[in-house]
Amino acid sequence: MYCLRDKGFIVGYAQNADFAIERKGEEKLYFKVSNSPDDLDNSLSWIVWDSATKSASLIPKKID
């Protein structure tokens, strides 16, 4: 969260997600966090934590 704030992003509340980030005057980006890349909702972006490799992956929201 702090590295995003240092880059000028606002990290905030999201009703239907785990959190949202935005820059002033720009659209919010909504994120959820999961431990599995299976069955993810495509309407928002995901951060997937793999505990076996101790790495995180970003899966962006699908745009039609």
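Since every read-out is calculated from the coordinates, none of them should be taken as a lab result. Please read these numbers as outputs of a predicted model, since none were measured by experiment. Don't worry about glycine lacking a Cβ; one is built from the backbone with ideal geometry, like all the others, and counts go over all protein chains shown.
Some points to look at:
- Failed item in (1) without any contact (Cβ under 8 Å) to a residue 12 or more places away in the chain; (2) in contact with a strand residue (DSSP E or B) (Cβ under 7 Å, 6 or more places away or on another chain), with residue 10 passing the rest: (1)
- Complete set of residues in segment 34-55 that are under 21 Å from residue 1 (Cβ atoms) and free of Cβ contacts under 8 Å to residues at least 24 places away in the same chain: 34, 35, 45, 46, 47, 48, 49, 50, 51, 54, 55
- Matching residues, segment 19-33, being farther than 18 Å from residue 1 by Cβ and either in contact (Cβ under 8 Å) with a residue 60 or more places away in the chain or within 14 Å of the chain's Cα centre (by Cα) (or both): 27
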